[in-house]
1. List the helices (runs of 4 or more DSSP H) inside the stretch 12-111, counting only whole elements, that have at least 1 residues being within 13 Å of the chain's Cα centre (by Cα).
2. Kindly indicate whether L217 is at pLDDT 70 or above and out of contact with any strand residue (DSSP E or B) (no Cβ under 6 Å at 6 or more places or on another chain).
3. Would a scan of the stretch 123-131 turn up a residue that is polar (S, T, N, Q), modelled with pLDDT under 80, farther than 26 Å from I37 by Cβ and open to solvent by less than 60 Å² (accessible area, probe 1.4 Å)?
4. Could you grab me the full set of residues in the stretch 71-88 that are small (G, A, S) and under 20 Å from G118 (Cα atoms)?
5. Within the stretch 16-25, take every residue that is surrounded by fewer than 20 Cβ atoms within 10 Å (Cβ to Cβ) and touching a helix residue (DSSP H, G or I) at 6+ places or on another chain (Cβ under 6 Å) and give me the one that is nearest to L87 (Cα to Cα).
6. It is to be established whether one or more residues within the stretch 91-106 are in contact with a helix residue (DSSP H, G or I) (Cβ under 8 Å, 6 or more places away or on another chain) and farther than 29 Å from R186 by Cβ.
7. Against the condition closer than 24 Å to T151 by Cα, open to solvent by 20 Å² or more (accessible area, probe 1.4 Å) and of a type in the set (D, E, K, R), how does D46 come out, does it pass?
8. Within the stretch 22-33, is there a residue that is touching a Leu at 6+ places or on another chain (Cβ under 6 Å), over 25 Å from L176 (Cα atoms) and modelled with pLDDT of 95 or more?
Amino acid sequence: MPGCAISVVVPVRNEAPNLLPLIAEIGTALSGFAHEIIYVDDGSTDQTAEILRGAQVRALRHAQSCGQSAAILTGVRAATGQWVATLDGDGQNDPADIPKLLLRAEAEGFTGPLLLAGHRASRRDSRVKRVTSRIANEVRARVLKDATQDTGCGLKLFRPGDFLALPAFDHMHRYLPALFLRAGGRVVTVPVNHRPRRSGHSHYGTLDRLWAGVADLAGVYWLQRRWRRPEVDVLNDG
């Protein structure tokens with residue numbers, strides 16, 4: 001839908017049982033908004049691609065798995081909305097929170113890069129996942145000073161042009177607050193609902209994220225230190 005208000009980008013990998021219920025929920029949540037739903041199949045080996053071909057969504061597919069950040073980037077590049085909301089494909093993020101984020105973003109009235117980041121105040125994950133996430137958030141916040149409680153929440157909202165102007169790398173979706181601040185933007189944290197996974201299990205492993213996170217954290221810290229944002233005065237706009 002060209003020129004729609006919001007594009008919802010959902011990266012998925014082997015989430016066949018969760019596809020249609022979440023698609024229906026997104027449609028219901030955004031029934032009052034001109035919207036489009038974009039699913040990006042990140043090289044699934046189950047029935048994900050087949051189901052998406054017959055669903056009422058725009059669907060793109062990576063021939064091989066390239067990671068969640070790459071899938072989000074593919075979806076944002078295809079988006080036509082004035083705003084983009086991202087959701088995890090497992091159904092744990094509640095689409096009913098998207099209008100709240102959208103209305104809050106418009107109320108901010110901020111013309112620079114703006115990120116609305118969901119904060120899962122009550123996590124519905126395993127104890128191991130909650131503990132590792134809390135430690136990771138504390139370390140990241142201390143190093144990057146991004147003042148964000150929960151960067152791992154998949155529910156975020158931003159303008160597509162602002163996102164596409166950021167440096168792209170694997171796992172970048174976990175560092176969006178720091179990257180938006182580096183670009184001179186504003187980050188607004190909004191409490192959101194969090195639900196148990198409907199079916200299956202995570203296909204982006206905790207240990208994989210842990211080891212990659214060490215290198216990613218160092219890389220984002222380097223990006224912060226190696227960039228000085230200029231203050232620009234217009235001398236002549238003719």
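1. Numbers: elements: 19-29, 48-53, 68-78, 98-108.
Qualifying helices (runs of 4 or more DSSP H): 68-78, 98-108.
2. Working: at pLDDT 70 or above: yes; out of contact with any strand residue (DSSP E or B) (no Cβ under 6 Å at 6 or more places or on another chain): yes.
It is true that L217 is at pLDDT 70 or above and out of contact with any strand residue (DSSP E or B) (no Cβ under 6 Å at 6 or more places or on another chain).
3. no
4. Applying the first criterion (small (G, A, S)) to the stretch 71-88 yields 71, 75, 78-79, 81, 85.
Answer for the stretch 71-88, where residues must be small (G, A, S) and under 20 Å from G118 (Cα atoms): A71, G75, G81, A85.
5. In this case the residue turns out to be E25.
6. yes
7. The answer is no for D46.
8. Quick first cut of the stretch 22-33, residues touching a Leu at 6+ places or on another chain (Cβ under 6 Å) only: none.
Within the stretch 22-33, not a single residue is touching a Leu at 6+ places or on another chain (Cβ under 6 Å), over 25 Å from L176 (Cα atoms) and modelled with pLDDT of 95 or more.
The values are calculated or read from the model by the stated rules, or taken from the named source; none is laboratory data. Here the structure is a predicted model, which means the values were calculated and not measured. Glycine gets a Cβ as well: all are built from the backbone with ideal geometry, and neighbour counts include every protein chain shown. What goes into the accessible areas is simple: the full protein's heavy atoms, side chains included, and nothing from ligands, DNA or RNA. Shrake-Rupley method; radii C 1.70, N 1.55, O 1.52, S 1.80 Å.
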